[in-house]
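Beneath this line is the structure, given in structure tokens, with notes to follow.
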Amino acid sequence: MTSSASSTSKRVAIITGAADGIGRGIALRLAKDGLDLGLFDLPRSQQKLEQLAEEIKNEFGVRVVNVYGDVSKEEDVKRLVDTVVQELGSLWAMIANAGISINRVLHETPTEELDKVLNVNFKGTFFCYKYAAIQLIKQGKGGRILGASSIAAKKGLPEQTVYSGTKFAIRGMTQCAAMDYGKYGITVNSYAPGVIETPLMDYLDEYHTSQTGQPKGSWTKSFENACVLGRLGKPEDVAKLVSFLVSDDAAFITGQSYLVDGGICFD
Ligand code: NAD
């Protein structure tokens, strides 16, 4: 399930939310596959992103451009695509990975948190799809657009009304965009992780364990039993699927949202 180095060696992928977690794992994997990279994250993640870019350049010898901003701001996403195309010459794949979560019962969700999650997850993914599509259509050589949905885009989960709502929306957006862009040879898919060990899960674990008084880490660990493979996922597990979806081998796949969850939820 890997792309051939020769067919992708001049290709460029943008990854949002690349400084940490799943985005970081995807950046390392696509660099190993030979793609040049445009990495994007919030300005507060500058140090982490710079370290990652150095690591990637030294280990894989590909070109890397770092851009900072906020995916929920349209002008930042437009600047991201423009900068990467200017510096690296073209675009092949947009990985709209950045996302945030809040776990709350519906009626206890503050409206400002609702707006924040909608802005980053829904609008942020929309802007990434939009400016990638504009660029890929202009180039006329096809391409790949990928979003980050979730196991919470397949089934509702307790205390995840807002998060799950945005992830179902990303799955829907992915299906619609696949229909709009098929005629340009652009495929649009999303990955739907289960429970992957990242700072996002640490943040959610902290909230839940502080509510119940259970030891730190116990909320996340409880998902090991829910998963038929008996372990939590790692960013590399998701990155392997992304590597395949970005490659030529996935040319006939579009409009799909693939679970990577070790067998928690069966489609
Ligand atoms: P994470 O919090 O560990 O890392 C997210 C990265 O995105 C961070 O570097 C952060 O700085 C960046 N980011 C956050 N808001 C941003 C913004 N507005 N603009 C630009 N960058 C921003 O998250 P993760 O666990 O790696 O999740 C990555 C994606 O996968 C998210 O969309 C998430 O919803 C999805 N997902 C994760 C899991 C999981 O178990 N970790 C499960 C399902 C889906």
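Summary of values
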item: The chain - convex hull of alpha carbons, volume per residue in Å³; result: 124
item: Crossing angle, helix 124-139 versus the chain [Cα axis fit, 0-90 degrees, rounded to tens]; result: 10
item: Cα-derived Rg to Rh of the stretch 95-142, Kirkwood definition; result: 1.20
item: Zero-based 10 Å bins, Cα pair distances in the stretch 18-68, whole percents; result: 30, 61, 8
item: Diffusion constant of the stretch 94-241 at 20 °C, which comes from Stokes-Einstein with the Kirkwood Cα-pair radius and 1.002 mPa s, µm²/s; result: 130
item: Per-residue [θ]222 nm for the chain (sum of -39500 (n - 2.57) over DSSP H runs n ≥ 4, rounded to 500); result: -14000 deg cm²/dmol
item: Exceeding the 18 Å Cα-Cα cut-off - candidates K48/K221; K130/K183; K10/K183; K123/K183; K167/K221; result: K48/K221; K10/K183; K123/K183; K167/K221
item: Rounded to 5, percent antiparallel among DSSP beta bridges of the chain; result: 0
item: 14 Å beta-carbon shell around I102, net charge (K/R +1, D/E -1); result: -4
item: Area of D70 that stays accessible when all protein chains are in place (1.4 Å probe, Å², to 10); result: 40
item: Local electrostatic count at E159 - Lys and Arg +1, Asp and Glu -1, tallied over other residues with Cβ under 10 Å; result: 0
item: Global form of the stretch 154-267, assessed from the alpha-carbon gyration tensor, a/c cut-off 1.5; result: prolate
item: Volume per residue of the C-alpha convex hull in the stretch 1-119, rounded to whole Å³; result: 111
item: Accessible surface of the stretch 32-126 [probe 1.4 Å, protein heavy atoms]: carbon and sulfur percent; result: 48
item: Where chymotrypsin sites (Phe, Trp or Tyr not before Pro) fall in DSSP loop in the stretch 201-267, at most 16 other Cβ within 10 Å; result: F252, F266
item: Whole-number accessible area per residue in Å² for the chain, which is evaluated in the context of all protein chains at 1.4 Å; result: 47
item: Protein-only accessible surface order, largest first, of V85, V12, V105 at 1.4 Å; result: V105, V85, V12
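The values are calculated or read from the model by the stated rules, or taken from the named source; none is laboratory data. Source: prediction; values computed, not measured. Cβ coordinates were reconstructed from backbone atoms using ideal geometry, including for glycine residues, and neighbour counts include every protein chain displayed. Heavy atoms of the whole protein, side chains included, go into the accessibility calculation; ligands, DNA and RNA do not. Shrake-Rupley method; radii C 1.70, N 1.55, O 1.52, S 1.80 Å.
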